[in-house]
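Below is one structure; the comments refer to it alone.
The values are calculated or read from the model by the stated rules, or taken from the named source; none is laboratory data. Worth saying up front: this structure is predicted, and the values here are computed from it rather than measured. Quick reminder, even Gly has a Cβ in these numbers, built from the backbone with ideal geometry, and neighbours come from all protein chains shown.
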Amino acid sequence: MPPLSQEAAALRPVISFGLLFLLAGAEALWPRRPRALSRWGRWPGNLGIAALGALAVKLAFPVAALGVAALAARACWGVLNLASMPEGLKIVTAVLALDFAIYIQHRVFHAVPVLWRLHRMHHADLDLDVTSGARFHPLEIMLSMLIKMGVVLLIGAPPLAVLLFEIILNATAMFNHSNLALPPALDGVLRLVLVTPDMHRVHHSVIRAETDSNFGFNVPWWDRLFATYRAQPAQGQLGMMIGLPAFRKPGASRLDALLVQPFLTPDDGAA
């Protein structure tokens, strides 16, 4: 394993668990919305599905995106490896390019029915909190990794850029899914450069027009540029309903239910 891969393997879990506990504590002290379900009703399923996704990626892709970046750098593959530009600019460009790719992927997963079946499990959460940012079906996680590896090869992303992007993406996913109340003035400033919890929560509305907005994970610029930005939900942050109309049964948050949900019809999950 390359030195940078070893560093990533040691660094990422520390940052992830540290942020998880920090944000869980913060949202308990300053919650934005009352919970529809208790933590005990949702966290075992959400954290369990996240653990299975991580295991699936580890088993299916021993080198994953960071290893592909190291291979591309050694073989001089990809646009940035052929470009004559400062290393720092390559890193910034690669991080932004990867973020844009995730935005496009997110829109495609909403638009293509078979991909929406995988992704809708993420949207079926009846609450949003720090654990929602890791609630993705293992099949979606593996498909996302394949796409990310392809983008890394195409653009020739430097290994350090891939490491930074994955750390940032993990951190912002936990932050913008958190049930954390931010002062309105702070939220207004932050969402100029960062996707905030209030901004991303709109994306989890039961109203499909709102679900199909605010696709960004890290920066809000792609939504603003491509006219998918929506400032607030129609019913307000406290009045909006989160989740999917068709999947609201009390047991839908169990791990076994999350695993089979992509293979169910809406009638199977209806309340």
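Looking at segment 160-203 only, could you name the residues that are more than 18 Å from residue 101 (Cβ to Cβ), without any contact (Cβ under 8 Å) to a residue 60 or more places away in the chain and touching a Gly at 6+ places or on another chain (Cβ under 6 Å)?
Correct list: 177 only.
Report whether or not residue 182 is farther than 30 Å from residue 82 by Cβ, more than 13 Å from the chain's Cα centre (by Cα) and not in a helix (DSSP H, G or I).
When the stated conditions are applied, residue 182 passes them.
Output yes when any residue across segment 176-184 is out of contact with any helix residue (DSSP H, G or I) (no Cβ under 9 Å at 6 or more places or on another chain), farther than 30 Å from residue 55 by Cβ and at pLDDT 95 or above, and no when none is.
Checking segment 176-184: at least one residue is out of contact with any helix residue (DSSP H, G or I) (no Cβ under 9 Å at 6 or more places or on another chain), farther than 30 Å from residue 55 by Cβ and at pLDDT 95 or above.
Just checking: which of the helices (runs of 4 or more DSSP H) contained wholly in segment 35-123 hold 2 or more residues that are out of contact with any Gly (no Cβ under 9 Å at 6 or more places or on another chain) and among the polar types (S, T, N, Q)? Step through it out loud before you land on a result.
Details: elements: 39-60, 64-75, 79-82, 87-111, 113-123.
In segment 35-123, 87-111 are the helices (runs of 4 or more DSSP H) which contain 2 or more residues that are out of contact with any Gly (no Cβ under 9 Å at 6 or more places or on another chain) and among the polar types (S, T, N, Q).
For the condition more than 30 Å from residue 139 (Cβ to Cβ), surrounded by fewer than 12 Cβ atoms within 10 Å (Cβ to Cβ) and modelled with pLDDT of 95 or more, what is the one hit in 82, 89?
89
Let's see how each residue does on (1) surrounded by 19 or more Cβ atoms within 10 Å (Cβ to Cβ); (2) under 24 Å from residue 95 (Cα atoms); (3) in contact with a Pro (Cβ under 9 Å, 6 or more places away or on another chain); (4) not acidic (Asp, Glu):
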site: 28; (1), (2), (3), (4): no, no, no, yes
site: 37; (1), (2), (3), (4): no, no, yes, yes
site: 42; (1), (2), (3), (4): yes, no, no, yes
site: 71; (1), (2), (3), (4): no, yes, no, yes
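Conditions (1) surrounded by fewer than 20 Cβ atoms within 10 Å (Cβ to Cβ); (2) in a loop (DSSP other than H, G, I, E, B), marked per residue:
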site	(1), (2)
193	yes, yes
198	no, no
202	no, no
210	yes, no
214	no, yes
219	no, yes
224	yes, no
228	yes, yes
237	yes, no
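Looking at residue 115, is it closer than 23 Å to residue 265 by Cα, surrounded by fewer than 21 Cβ atoms within 10 Å (Cβ to Cβ) and under 16 Å from the mean Cα position of the chain (by Cα)?
On the way: closer than 23 Å to residue 265 by Cα: yes; surrounded by fewer than 21 Cβ atoms within 10 Å (Cβ to Cβ): yes; under 16 Å from the mean Cα position of the chain (by Cα): yes.
It is true that residue 115 is closer than 23 Å to residue 265 by Cα, surrounded by fewer than 21 Cβ atoms within 10 Å (Cβ to Cβ) and under 16 Å from the mean Cα position of the chain (by Cα).
Considering only residues that are crowded, with 20+ Cβ neighbours inside 10 Å, over 14 Å from the mean Cα position of the chain (by Cα) and closer than 19 Å to residue 47 by Cβ, which ones fall in segment 127-170?
Correct list: 127 only.
Take residue 248 and tell me if it is among the charged types (D, E, K, R), outside any helix (DSSP H, G or I) and free of Cβ contacts under 8 Å to residues at least 40 places away in the same chain.
Details: among the charged types (D, E, K, R): yes; outside any helix (DSSP H, G or I): yes; free of Cβ contacts under 8 Å to residues at least 40 places away in the same chain: no.
Judged against the criteria, residue 248 is not a match.
Going by the structure shown, is residue 223 closer than 26 Å to residue 30 by Cα and of a type in the set (Asp, Glu)? So that I can check it myself, show each step before the final result.
Numbers: closer than 26 Å to residue 30 by Cα: no; of a type in the set (Asp, Glu): yes.
When the stated conditions are applied, residue 223 does not pass them.
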